[in-house]
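Engineer: Below are the structure tokens for one structure; questions will follow.
The values are calculated or read from the model by the stated rules, or taken from the named source; none is laboratory data. Bear in mind the structure is a predicted one, so any value in this text is a computation, not a measurement. Cβ coordinates were reconstructed from backbone atoms using ideal geometry, including for glycine residues, and neighbour counts include every protein chain displayed. Note: accessible area is taken over every heavy atom of the protein model, side chains too, but ligands, DNA and RNA are not part of it. Shrake-Rupley method; radii C 1.70, N 1.55, O 1.52, S 1.80 Å.
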Amino acid sequence: MSLLHSNTSFESNSQESGCCAAMASACSAVAKEESLNASDSNGTGGTLSDSFTEETQGYDVEFDPPLESKYECPICLMALREAVQTRCGHRFCKACIVKSIRDAGHKCPIDNEMLLENQLFPDNFAKREILSLTVKCPNKGCNQKMELRHLEDHELHCGFASEKCPQCQGIFQRNQLNDHIKLECPRRQVSCPNCASFMPYEEKELPNHYDNDCPTAPVPCTYSDFGCPEKMQRNELARHWQEFTQVHMRMMAQTLRNVSVTNPASVNFHGGLSFDPSLFSQAMPPSCECSPEVQNFKETIQQLEGRLVRQDHQIRELIAKMETQNTQMGDLKRTIRNLEEKITEMEAQQSNGIFIWKIEHFSVYLKAQEEERPVVIHSPAFYTGKPGYKLCMRLHIQLPNVAKCANYISLFIHTMQGEYDSHLSWPFQGTIRFSILDQSEGSSRHNHEEVMDTKPELLAFQRPTTHRNPKGFGYVTFMHLQTLKQRTYIKDDTLLVRCEVLTRLDLSSPRREGFQPRSTEGTV
């Protein structure tokens, strides 16, 4: 098969690459040796590069037992880091002695002997000895001891290491940080018990939200002082006002009449509003006769009620218009959807049996497969011609725990209800070629292809009685996921799948190009 040929070619390329890599490594070593010899002759090169500017001092840790003086840097007075030795036999940290030579001159700090950077030599024996010494964890509260070589890894996971809280920026031990974030941090996120929105937990933050902003907090009606017994969510308050405007006005008028008769003192209402009966020249007598001020007040209330009634009618008219516009908008959306479906159908009819399926964001599907979530996707529909059969492809990435076909890409063909079904002969017969396209540059591209013949006796090729035939036909083990990495089958996170369909009436056949169909794996 062509795939086997592709693997052989890949191995050959790998051997050639290894040979070239070995030659390049040898040439690099020769060039490096020549460069070092040239630099030694000029007096400007050596073991350490001139561009070395690292200023790291020795290991500032507590040794147990205490550090011997022979492993102590005379410059930083700490344990030797990257120990180097001079011609005169003294040991220093690499960074310390390089900085000393560049700052204080070309001499040994101990005996003032002439010393150049290229005369420093790594002291690997001292380095191994120091890295094998036992040290204590520098984090407060941690009593663990380990070899110096393992200290860095230990500090990465030590529960007593200091870390910054991402919310309040405070410093806490790593093993206490989660509890701090969840239970103690003043900036921790808490949810409102009513609307479930999240906000930082700070003093008065949640009560202020509840009293002023929460849309679902239960609140009494603003006219509760006038007798309205309703209690509702804050976001429903405006609708309640609108629906019970006249009721609220009558309640308010009745309350004011009662107050003017029974309690001539000034009364404060909800929201700081006040009513002062002294504005009336005299209290209402037992008879129905009213003072001019009360009569004017009655007339004002009646005028306001009239205005509210008219506004209520206007609101109802606007609501009716809005409902009409919503209906028209729905009709327009359905018309647009139908036009889009017709355009898609017309595009599918132009494919003439050759369709390239562009699967974007393929890494999302691979990640879902790794998490053992099913991945089944269908391609857009396409026709074998005009008139022709309407088909689509189905790609299935098998899960890692599936027996016999784990981590395989499965590829199937499905028949669909089409515009020309009544004019075609059934069952569908022909030859189908599946290809996953190699997207590499140049002429060395090699697609992964399989060719199969239809089997008219199967339900997969009968005239579909639903939008898409639930039975498909193809390869359960079309391509292993590891094969995707051997060539540029995925480029810009996109996989290209090509399907070429030749019906029984077509004169050409994929067999003429050297492809022989392998046995298919039945319907799925």
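Engineer: Provide, as a two-decimal number, the C-alpha radius of gyration of segment 361-436 over 2.2 N^0.38 Å, N being how many residues it has.
Structural biologist: 1.38
Engineer: Give the separation of the Cα centroids, segment 230-257 to segment 133-190, in Å.
Structural biologist: Here the two parts' Cα centres lie 58 Å apart.
Engineer: Compute the signed sum of charges (Lys and Arg +1, Asp and Glu -1) over the other residues within less than 12 Å, Cβ to Cβ, of residue 83.
Structural biologist: Cβ neighbours under 12 Å give a net charge of +2.
Engineer: Output ³J(HN,Hα) for segment 443-460: one whole-Hz value per residue in order, computed from phi by the Karplus curve 6.51 cos²θ - 1.76 cosθ + 1.60 with θ = phi - 60°, and x for Gly and Pro.
Structural biologist: Going residue by residue, I get 8, 8, 5, 9, 7, 8, 10, 9, 10, 9, 9, 6, 10, x, 6, 7, 5, 4 Hz, with x marking Gly and Pro.
Engineer: How much accessible surface does residue 363 have with a 1.4 Å probe, in Å² rounded to 10?
Structural biologist: 60
Engineer: Let me ask something else about it. When the accessible area of segment 58-102 is split by element with a 1.4 Å probe, what percent falls to carbon and sulfur?
Structural biologist: 44
Engineer: Points 7 angstrom from Cα along the Cβ direction at residue 233 and residue 250: gap in nanometres?
Structural biologist: 2.9
Engineer: Under 37 °C and 0.692 mPa s, how fast does segment 399-451 diffuse according to Stokes-Einstein, given a Kirkwood radius computed over C-alpha pairs? Answer in µm²/s, whole number.
Structural biologist: D = 218 µm²/s.
Engineer: List the residues, sorted by chain then number, that are 5 or more residues from residue 115 or on another chain and whose placed amide H is less than 5 Å from its amide H.
Structural biologist: Hits under the 5 Å cutoff: 107, 108.
Engineer: Which value in nm describes the separation of the simple spin-label points at residue 298 and residue 69, placed 7 Å from the Cα toward the beta carbon?
Structural biologist: 11.4
Engineer: How big is D for segment 289-333, in µm² s⁻¹ as a whole number, if Stokes-Einstein is applied with the Kirkwood radius of its Cα pairs at 37 °C and 0.692 mPa s?
Structural biologist: Numbers: Rh = 13.2 Å.
The Stokes-Einstein estimate is 248 µm²/s.
Engineer: Could you give the nm distance between label points at residue 492 and residue 121, where each point is 7 Å from its Cα heading toward the beta carbon?
Structural biologist: Taking the two extended label points, one gets 5.8 nm.
Engineer: Step through the table entries 70/136; 140/164; 333/367; 70/94; 342/386, compare each Cα-Cα distance with 24 Å, and write down the pairs that go over it.
Structural biologist: Violating the 24 Å limit, Cα to Cα: 333/367.
Engineer: Now a separate question. Determine the gain in length on full extension of the stretch residue 102-residue 321; use 0.36 nm per residue of separation and subtract their C-alpha separation, reporting nm with one decimal.
Structural biologist: 70.3 nm
Engineer: Mind listing P(r) for segment 333-472? All alpha-carbon pairs, 10 Å bins, whole percents.
Structural biologist: The percentages, shortest bin first, are 10, 33, 35, 19, 3.
Engineer: Within segment 114-151, which trypsin sites (Lys or Arg not before Pro) sit in a loop by DSSP and count at most 10 neighbouring Cβ atoms inside 10 Å?
Structural biologist: 140
Engineer: From largest accessible area down, sort 87, 394; use a 1.4 Å probe on the protein chains.
Structural biologist: 87, 394
Engineer: Considering only protein heavy atoms, with the full assembly of protein chains and a 1.4 angstrom probe, order 426, 357 by accessible area, largest first.
Structural biologist: Order by accessible area, largest first: 426, 357.
Engineer: Pull up all non-local amide H partners of residue 61: gap of 5 or more, or a different chain, and H-to-H distance under 5 Å with H placed in the peptide plane.
Structural biologist: When sequence neighbours closer than 5 places are left aside, the close amide H contacts are 79.
Engineer: Sorted by accessible area (1.4 Å probe), largest first, how do 226, 434, 172 line up?
Structural biologist: Most to least solvent-accessible, the answer reads 172, 226, 434.
Engineer: Rounded to the nearest 10 Å², what accessible area does residue 355 have for a 1.4 Å probe in the complete protein model?
Structural biologist: Estimated to the nearest 10 Å², residue 355 gives 40 Å².
Engineer: So which GluC sites (Glu not before Pro) in segment 345-395 end up in coil per DSSP with only 13 or fewer other C-beta atoms within 10 Å?
Structural biologist: When the GluC sites (Glu not before Pro) of segment 345-395 are filtered for loop state and at most 13 Cβ neighbours within 10 Å, 371, 372 remain.
Engineer: For a label point 7 angstrom out from the Cα of residue 128 toward its Cβ, which stretches of segment 65-100 have the backbone nitrogen within less than 16 Å?
Structural biologist: It comes to 82-84, nothing else.
Engineer: Another one. Could you state how much accessible area residue 377 has, in square angstrom rounded to the nearest 10, with a 1.4 Å probe and all protein chains kept in place?
Structural biologist: Its accessible surface works out to 30 Å², give or take rounding.
Engineer: On to the next question. Please give me, ordered by residue number, the GluC sites (Glu not before Pro) of segment 393-454 that lie in loop per DSSP and have at most 16 other Cβ atoms within 10 Å. Kindly include the intermediate steps, with their values, before the conclusion.
Structural biologist: Numbers: sites: 419, 441, 449, 450; in loops: 419, 441.
The qualifying sites are 419, 441.
Engineer: Given a Förster radius of 56 Å and the C-beta distance between residue 417 and residue 156 as r, what FRET efficiency does 1/(1 + (r/R0)^6) yield to the nearest 0.05?
Structural biologist: That gives a FRET efficiency of 0.40.
Engineer: Calculate one ³J(HN,Hα) per residue across segment 213-225 by plugging θ = phi - 60° into the Karplus curve 6.51 cos²θ - 1.76 cosθ + 1.60, and present them in order as whole Hz with x for glycine and proline.
Structural biologist: Using θ = phi - 60°, the values come out as 10, 4, x, 10, 5, x, 9, x, 4, 4, 9, 5, 5 Hz.
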